[in-house]
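To keep things clear, I will list the structure first and then write my remarks on it.
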Amino acid sequence: MDILSYLVFFSAVSGIYAIATLGLNLQWGFTGIMNVGVVGFFGVGAYATAFLTGPNYADAFGGFGLSPLLGYLGAMIASGLVALVVGLLTIRLRHDFLAIGTFGAAVCLQLLAMNLKPITRGFDGLHSLPRPFAGLAGSPTVANTWFLVMVVCIIVAVVWALERMVRSPWGRVLRAIREDEDASAALGKNAFAFRLQTFVMGSMLMGLSGALYASFTGFVSPQDLLPILTFQVYVMLIVGGSGNNYGAVLGAVLIWALWTMTETFLGAVLPSGLKQQVSAIRVVLVGLILVLMLLYRPQGLVPERQNVSREARLHG
Amino acid sequence: VIQVLADGVVAASFIVLGVVGLSMIYNILNFPSFAQGDHIATGAYFALGIVALAGTAGSIAGLGFGWPLIGALVFATILNGMLALLIDRSIYRQLRLRNASRISLIMASFGVALMLRNLIVLFAGHDPQFYAFSIQPALSIGGARITQNDLLSVIVTTVMVVALHLFLTRTTLGKSMRAVSENPALARVNGIDVDRVIRWTWLIGAGLAAIAGVLLGLSVQVNPSMGFELLLPMFAAMIVGGVTSVYGAVLGALLIGIAEAVTVQYLAPEYRQAVAFLVVIVVLLARPQGILGEKA
């Protein structure tokens, strides 16, 4: 029973990460937008849902007490709006400047979460957020199981929608922009508009992921907004296979498994005083995996499917 | 006002030493290295390790340190350069040989950044450390109060920038570096050993980063994220100055340093890091080629 509840917990968290990874896949995998501010949009979603659904804090904004579903919706809208502003400012920039710009945006968002104390309570964070399904059953595992079911349903819906989108003419334009922006512009495609659309949509998924995370843990603080999260999501996507939605989900589960297992394993092997070292080794290990993947299997475990016309395939 | 300017120049001196490497790597290897900040931290920790071996940072002429730290600085500069070379050999060079995209290089540098920072935590822990404990009397120069260590940082930085300028304009290697950053293919055709230029780029970039780390450690403290916190100001300085120019980057660093000092003094000190980002956005929108950059 203990193993089972642990598995449920683990699956729910990796599912939450999978949604952010799917969002990044839309941006980077399909359109080639290098968003190094994943954590910023995740954080906007987490805080938005905390404001909307949380209890009425005496010393912070929010306390609307809305239902979690409305909280998730609000989180997606909020992160979409922030992405719209960030995107309008940065999306025209070259890849490397865009990376620096989005990285900076995420740093600024974290600074706001830390320092806007009257709104966010700073490092104390927003706690006691209502957890969906908590009232439904006595044991937390049952609630977590329902939560997991919900996350899986969301993933299935998101993957289905994304697959339809990237197979549509709209999705073909995205890949054309990724491969050669000038050529697609010459064909009359407004690259800016397409890039902005995917940037906003991908960031909304990251916001949804953050919202689910906040309502699953019942707590959000600036500690949840560290740049390491951006890195994790990238490693998930690169290991799984950027440009492939199934790969993104697989990568999220695998890397989260590795992440939690190294902690359990190292925690058991090393003396308990070395907690700092355990988390440090873990990051080094994941960094190593990223570099090895970039070197030896840049296409990821589940590579992007080639979309060639029947004729081209027949003639090799 | 003079005090704010002085604080700005001191803040800029750390950025300058870091951004030179960032800008050289960007121009010669064609990617912004997200690990440059952490190279600053590794340099500071190399020196910390050597000082710990020596047992003391020493003391000369009333300064808070002496020959052991100066020796440590020299060794840390060399070690840091070697570390960067090792990383280039085992990671970036392999990616270049595979014709990896610029995006892969950026991602790899992101991975290197996190690995370096966490290796530091692994060996030295999270807690801030110091080279020496000493109370620094503030000197008064032209109405601004500045500690000896801060003054030293400004002087060392100025000397390094002048030396770099002489190196880039007067030596064959320096000229080859400029040639490669201008046009690698043409440079290669003209018989310039591009691999050698790349090696020296890392040695100089990481070497200067180590000096930045030691100076920053002297005037503030040594901690694992000391360099990472400089990353955004460094990127900002590089972009503001126009990415193609090392001199522009130096100027950009001054501007960012002063903007930070103004924010700390008159606005909100907790948003110090955000200043760099705002300056970048404004510059990118108004003058994408930077202050000294040429139009592409």
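Descriptive notes on the structure:
- Only one of B:ALA6, B:ALA41 that is touching a strand residue (DSSP E or B) at 6+ places or on another chain (Cβ under 7 Å) and in a helix (DSSP H, G or I): B:ALA6
- The residues of the stretch B:69-92 that are surrounded by 24 or more Cβ atoms within 10 Å (Cβ to Cβ) and under 20 Å from A:TYR234 (Cβ atoms) amount to a single one, B:TYR92.
- Hits in the stretch A:53-64 - residues which are closer than 13 Å to A:SER128 by Cα and without any contact (Cβ under 8 Å) to a residue 60 or more places away in the chain: A:ASN56, A:GLY63
- Taking the stretch A:34-74 as the range and being of a type in the set (Gly, Ala, Ser), crowded, with 24+ Cβ neighbours inside 10 Å and not in a loop (DSSP other than H, G, I, E, B) as the test, the residues that pass are A:GLY40, A:GLY43, A:GLY45, A:ALA46, A:ALA48, A:ALA50, A:GLY71.
- Test: residue in the stretch A:84-91 that is away from every other protein chain (no Cβ under 14 Å), surrounded by fewer than 23 Cβ atoms within 10 Å (Cβ to Cβ) and at pLDDT 90 or above: yes
- Those residues of the stretch B:5-40 which are of a type in the set (Ser, Thr, Tyr) and more than 13 Å from chain A (Cβ to nearest Cβ), in sequence order: B:SER13
- In this entry, A:THR102 passes the filter for residues that are polar (S, T, N, Q), out of contact with any Cys (no Cβ under 7 Å at 6 or more places or on another chain) and modelled with pLDDT of 85 or more.
- Subset of the stretch A:243-271 [away from chain B (no Cβ under 14 Å) and over 23 Å from the mean Cα position of the chain (by Cα)]: A:THR264, A:PHE265, A:GLY267, A:ALA268, A:VAL269, A:PRO271
- The residues listed here are A:LEU314, A:LEU274; of these, the one that is at pLDDT below 80, more than 22 Å from the chain's Cα centre (by Cα), surrounded by 10 or more Cβ atoms within 10 Å (Cβ to Cβ) and farther than 23 Å from A:THR21 by Cα is A:LEU274.
- Where helices (runs of 4 or more DSSP H) sit wholly within the stretch B:79-189, those with at least 2 residues that are more than 21 Å from the chain's Cα centre (by Cα) and either under 30 Å from A:LEU288 (Cα atoms) or modelled with pLDDT of 85 or more (or both) occupy B:93-97, B:102-124, B:172-182, B:184-189.
- Per the conditions (1) more than 14 Å from chain B (Cβ to nearest Cβ); (2) surrounded by fewer than 22 Cβ atoms within 10 Å (Cβ to Cβ); (3) touching a residue at least 24 places away in the same chain (Cβ under 8 Å), the sole criterion not satisfied by A:LEU226 is (1).
- Test: residue in the stretch A:102-109 that is more than 14 Å from chain B (Cβ to nearest Cβ) and either over 15 Å from the mean Cα position of the chain (by Cα) or not in a helix (DSSP H, G or I) (or both): no
- B:LEU95 surrounded by 17 or more Cβ atoms within 10 Å (Cβ to Cβ) and within 14 Å of chain A (Cβ to nearest Cβ): yes
- Note on the stretch A:203-227: residues that are part of a helix (DSSP H, G or I) and touching a helix residue (DSSP H, G or I) at 6+ places or on another chain (Cβ under 7 Å) total 17.
- Scan of the stretch A:11-54 for residues that are more than 23 Å from A:MET150 (Cα to Cα) and either of a type in the set (S, T, N, Q) or more than 14 Å from chain B (Cβ to nearest Cβ) (or both), ordered by number: A:GLN27, A:THR31, A:ASN35
- Test: residue in the stretch A:133-145 that is assigned to a loop (DSSP other than H, G, I, E, B), within 30 Å of B:ALA268 (Cβ to Cβ) and away from chain B (no Cβ under 14 Å): no
- Boolean, A:SER184 is more than 14 Å from chain B (Cβ to nearest Cβ), surrounded by fewer than 24 Cβ atoms within 10 Å (Cβ to Cβ), among the hydroxyl-bearing types (Ser, Thr, Tyr) and over 30 Å from A:ASN115 (Cα atoms): yes
- Listing of helices (runs of 4 or more DSSP H) fully contained in the stretch B:209-294 that carry 1 or more residues being touching an Asp or Glu at 6+ places or on another chain (Cβ under 9 Å), away from chain A (no Cβ under 14 Å) and surrounded by fewer than 21 Cβ atoms within 10 Å (Cβ to Cβ): B:246-266
- Condition check for B:LEU105: crowded, with 19+ Cβ neighbours inside 10 Å and either out of contact with any Ser or Thr (no Cβ under 6 Å at 6 or more places or on another chain) or farther than 21 Å from B:ALA72 by Cβ (or both): yes
- Of all the numbered requirements in (1) in a helix (DSSP H, G or I); (2) in contact with a Leu (Cβ under 6 Å, 6 or more places away or on another chain), B:PHE31 misses one, and that requirement is (1).
- When A:TYR296, A:TYR234 are checked against the criterion of being hydroxyl-bearing (Ser, Thr, Tyr), closer than 24 Å to B:TYR92 by Cβ and out of contact with any helix residue (DSSP H, G or I) (no Cβ under 8 Å at 6 or more places or on another chain), a single residue qualifies: A:TYR296.
- Close pairs from the stretch B:4-28: first farther than 20 Å from B:GLY227 by Cβ, partner basic (Lys, Arg) and at pLDDT below 90, Cβ under 9 Å, at least 6 apart: B:ALA6/B:ARG145; B:ASN27/B:ARG178
- Of the residues examined, B:PHE235 is not one that is farther than 18 Å from B:LEU29 by Cα and either in contact with a Ser or Thr (Cβ under 6 Å, 6 or more places away or on another chain) or modelled with pLDDT of 85 or more (or both).
The values are calculated or read from the model by the stated rules, or taken from the named source; none is laboratory data. Only a predicted model underlies this, so the values are computations on that prediction, with no experimental measurement involved. No Cβ is skipped: glycine too gets one built from the backbone with ideal geometry, and neighbour counts run over all protein chains shown.
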